[in-house]
Every structure is written in structure tokens, then in C-alpha cells.
Amino acid sequence: MTAAGLCRGLDTLFAVPPEHRLDDVDRASARQLLGCDDHTLSTLLDRGLQASGEAGEERFDSRDLFNLALYSGTGATVPEQAFAYSLRWMRSSTEELLAPRASRFALRVACAADRCGPEPTSMLALPRPERLGGAVHDLTVEPAGGVTGPSGDTVVRTASELAITATVHTRGEQAELRSPELRAIAAEFAAMDLRWVKLPAALQDDVDLVTGHGVASCDSASRYLARRCVRAGFPAVTRIGWVVGMLDLVHAWVEVEDADGVTKVIDPVFALFSATVRGTNPLLRDPAVALRTNRLVPTGLSTGRAVAEHRCADRPAAARVTTKILPAPTRPEEGS
């Protein structure tokens, strides 16, 4: 079953274009990620799975392998199991998705080089849950001093690493989309039957992939939907942030002003995710409802921006980013 599922998945795989490939996974690691044996991996290669290197020593792009595994339907691959675990909260009741939540938030960026270059600069985005009715308490920035970005949405330090911690209070909201046009746009997006996929950074914002190949990242889906809203006459922006329980995912969504003058969240990718999980709350897929879950931790940044950056010698440099969002010991309603 695993081999058949992987072969079916390969038939619909959007392969990373050659100019963006990074063959960073060897055969042994590929077999582990796909949950298959060496014969099945060779079969996938014969059927067109992209790789570089000599026969028997091939290397693969980890994003190709992740996307192939995620939509294989086998249930045996690492990505499928990780998503099933990370998205189990989608089965929660509406009350649970809206209830106040308190989390201990920690974000850190450090130079990825063994030795940081001259004049290092590190930047981190601040959590801004107050944008969605929440609050931040006990915010700490290390090292202290330095500057805050012009909008108060980022902190910058002349340092090889930078860390922020805070207690973050979030809450959900369920709102009806009043405008028939907005409901139609949301329904149209849902009917496109897109697949969320891991993409190279250079393609994250590529809206053409949505319409041309039927695949989307959080960023490209949100840009596409925001563009449709603006063209229909509704002020809309994209927003990025984090999701409690999905620490390796910087999420993106749309904030749009409805016909009643109220700004509401439309989360296009969570609607796509929910279709892959059995027993999810149906409101996550309802185009008439703007459901903002209590798991969103927003920044003040839009798509195309980064939540963490590092520079050496005034040039962009590779960075190690660590995110931790854990239940806080305080009660969610305190100070929220």
C-alpha cells in the first residue's frame, strides 16, 4: 500500500523547479521520511522522482519528499503522521477554539556560521496578539538595549544572536461574513481544491502557482485571496504569525474589512488543512464564517517579511531560528 500510494502521489507532485532545488537528503534519509524500502525508492526514481548524483548515491530535495509523502495517502510517512498530530486540535469544539488561551512564547535567532562575521545584526518580529483582542505580558528582550522597529513590530540588536520571551494571551472569534461578495470569494477559493505544499523561499509568494499549478503556500494563498478581496472593493491585507502547536510553520492569513465595517480574519490555508483531517470542526471550512482560532499569534508584519533575520558585514546571512510556544502556568483570562 505504501508503494502504491507513493507512486500515486508522485503523479500529482509539484516538483521544485531545477533553479530552486536543494538536494539535501540522501537515500537512507529519504527512505525514512517516505516510510518505504530501497526497492520502492528505486521505483519512484524510475517513475521520475527528481534527484542528483550517481545511481545508488542519489540526493533528493527535502521539500519534494515532504510534499510527496504528505499526499501519498498511506498514513505511514513521517509528514502524514506529523500533520495528523499537529492538526488534531482541528477536531476541537467551537467553544474550545474560541476560549482565552495563555502561552509562554520564546523566539530566538542566531548566526548559523561557526564564527559570526563582523558587525552582526539580528532582528526578530514581536508577537502582537493585541491586534486580535489578546495581550502580551512580561516581554523580555536579550540582549537589552538596541532599537525597536519604526512600527514597534520588530526588535533589532547589534549582536550575533537575539531572543525574546513573553506570556502571550490569545482568544478566538467567530464572525459571519456579511458581504455576499466576500462569501462568494471564500467559496470560490475553497472550490479550487488547492494543495498546501512546502516551497522554496523564492516561491513562497508566487501567486501564479495557485492558479497555474493548484498548489499554495500560506503566503501565496493569502496574497491571492487578499488580491481578490481588494479587486472586489474590500480593504484587505495579509498578516503573518505563528500557530500554537505548529512551531516550524510561520503562518499567513487575510484581514479584510467586511461590509459592516468590521475587520475579520479569513484563514484560507487552515481550510485546506482541515480537509486532510477527519472529524474537523465544520466551521473551519465554512465560507460564510470568519473563524479566527485562539491558536493564532500574530505579528504586525505582512507576507513577504521575515519573523527573524541575521546579517553579517551588513549582508544577509544564514540564521538558526528557534520557536517555542508552550502552555503558560497562569490562567488565560488574567490580564487578557
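Quick notes on this structure:
- Candidate set: segment 294-320, residues that are open to solvent by less than 30 Å² (accessible area, probe 1.4 Å) and among the hydroxyl-bearing types (S, T, Y); chosen: the one farthest from R157 (Cα to Cα): T303
- Matching residues, segment 157-172, being β-branched (V, I, T) and either within 20 Å of the chain's Cα centre (by Cα) or modelled with pLDDT of 95 or more (or both): I164, T165, T167, V168, T170
- Filtered by the rule that a residue be part of a strand (DSSP E or B) and open to solvent by less than 10 Å² (accessible area, probe 1.4 Å), segment 217-245 gives I240, G241, W242, V243.
- Filtered by the rule that a residue be in contact with a Cys (Cβ under 9 Å, 6 or more places away or on another chain) and crowded, with 21+ Cβ neighbours inside 10 Å, segment 192-216 gives a lone residue, W196.
- Pairs with Cβ under 6 Å, 6+ apart, first in segment 1-21 and in contact (Cβ under 8 Å) with a residue 40 or more places away in the chain, second aromatic (F, W, Y): G9/Y71
- The residue list V265, V269, V254 contains one member that is part of a strand (DSSP E or B) and out of contact with any Lys or Arg (no Cβ under 7 Å at 6 or more places or on another chain), which is V254.
- A187 passes every criterion in (1) surrounded by fewer than 18 Cβ atoms within 10 Å (Cβ to Cβ); (2) farther than 21 Å from A275 by Cβ; (3) not hydroxyl-bearing (S, T, Y) apart from (2).
- Across segment 27-42, the number of residues qualifying as outside any helix (DSSP H, G or I) and open to solvent by 60 Å² or more (accessible area, probe 1.4 Å) comes to 1.
The values are calculated or read from the model by the stated rules, or taken from the named source; none is laboratory data. The structure presented is a predicted model; accordingly, all values stated were derived computationally and were not measured. Counting neighbours? That spans all protein chains shown, and the Cβs are built from the backbone with ideal geometry, glycine included. Keep in mind that these areas ignore ligands, DNA and RNA; they rest on the heavy atoms of the full protein, side chains included. Shrake-Rupley method; radii C 1.70, N 1.55, O 1.52, S 1.80 Å.
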